[in-house]
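Read the structure below first, then the notes.
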Amino acid sequence: MNTRLKVFLFCLACVAFIGLDRWTKLLAKEHLMYSQPKSYLHDTFILEYVENTGAALSFGDNLPQPFSFWLLSILPLGVIILLFVYVMRRVKEFSNFKLFCFAMIVAGGLGNIIDRIIYDRHVTDFMNLGIGDTFRTGIFNVADVCITAGVIGLFFVYLNTQKGLLKPDNVTD
């Protein structure tokens with residue numbers, strides 16, 4: 001595939017995932033903020049509005065505001081920028097699936113950073129999965145799903161490359 005097309009599709013996927021994340025967070029603010037949690041499939045899937053000032057599972061929630069801003073907004077933004085530069089430098093070598101995984105990670109990271117900057121460290125979370133009260137995830141959002149799915153996808157790419165099922169990125173047809 002043409003390198004320019006790969007870059008365009010990578011950027012388009014990032015914009016689409018960020019847009020989906022922003023849209024679902026706005027819907028959560030509109031429909032869940034002042035209402036009781038909504039349960040589906042016998043509490044397997046719960047929609048509940050939460051504003052998280054920490055990282056995953058509210059880690060770092062009690063940090064002072066300036067430290068929190070640098071640690072949870074600026075540092076991750078720097079990492080996302082470095083990741084974007086890495087992808088752009090190697091875009092020719094990456095498979096479409098690997099590029100898609102990186103797009104999910106970049107978009108998910110940016111989606112949560114946008115929330116932190118716009119809403120003074122608060123990230124909108126609203127989804128919860130589990131079985132009963134004993135086995136539940138933390139409350140998360142679409143950006144978190146993108147990051148997780150992207151990392152899992154890259155893990156499978158790595159495993160398949162190690163097993164010889166896929167060619168390494170630097171080997172071309």
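The values are calculated or read from the model by the stated rules, or taken from the named source; none is laboratory data. On a predicted model such as this, the values are computed, not experimentally measured, just so you know. Methodologically, a virtual Cβ is constructed for each residue, glycine included, from the backbone with ideal geometry; neighbour enumeration extends over all protein chains shown.
Summary of computed values
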item	result
First in segment 103-122 and over 21 Å from Y86 (Cα atoms), second anywhere and aromatic (F, W, Y), Cβ under 9 Å, 6 or more apart	R116/F69; I117/F69; D120/F69; R121/F69
Leading residue by the ranking (surrounded by the fewest Cβ atoms within 10 Å (Cβ to Cβ)) among those in segment 65-116 that are charged (D, E, K, R) and closer than 21 Å to W23 by Cα	R116
Complete set of residues in segment 110-139 that are touching a Leu at 6+ places or on another chain (Cβ under 9 Å), within 19 Å of P76 (Cβ to Cβ) and either among the hydroxyl-bearing types (S, T, Y) or at pLDDT 95 or above (or both)	L110, G111, T124
Qualifying residue in segment 24-38 (condition: at pLDDT below 95 and under 15 Å from A143 (Cα atoms))	no
From the options A143, A103, A149, residue that is at pLDDT 95 or above and in contact with a strand residue (DSSP E or B) (Cβ under 9 Å, 6 or more places away or on another chain)	A143
Subset of segment 15-49 [over 14 Å from L129 (Cβ atoms) and of a type in the set (V, I, T)]	V15, I18, T24
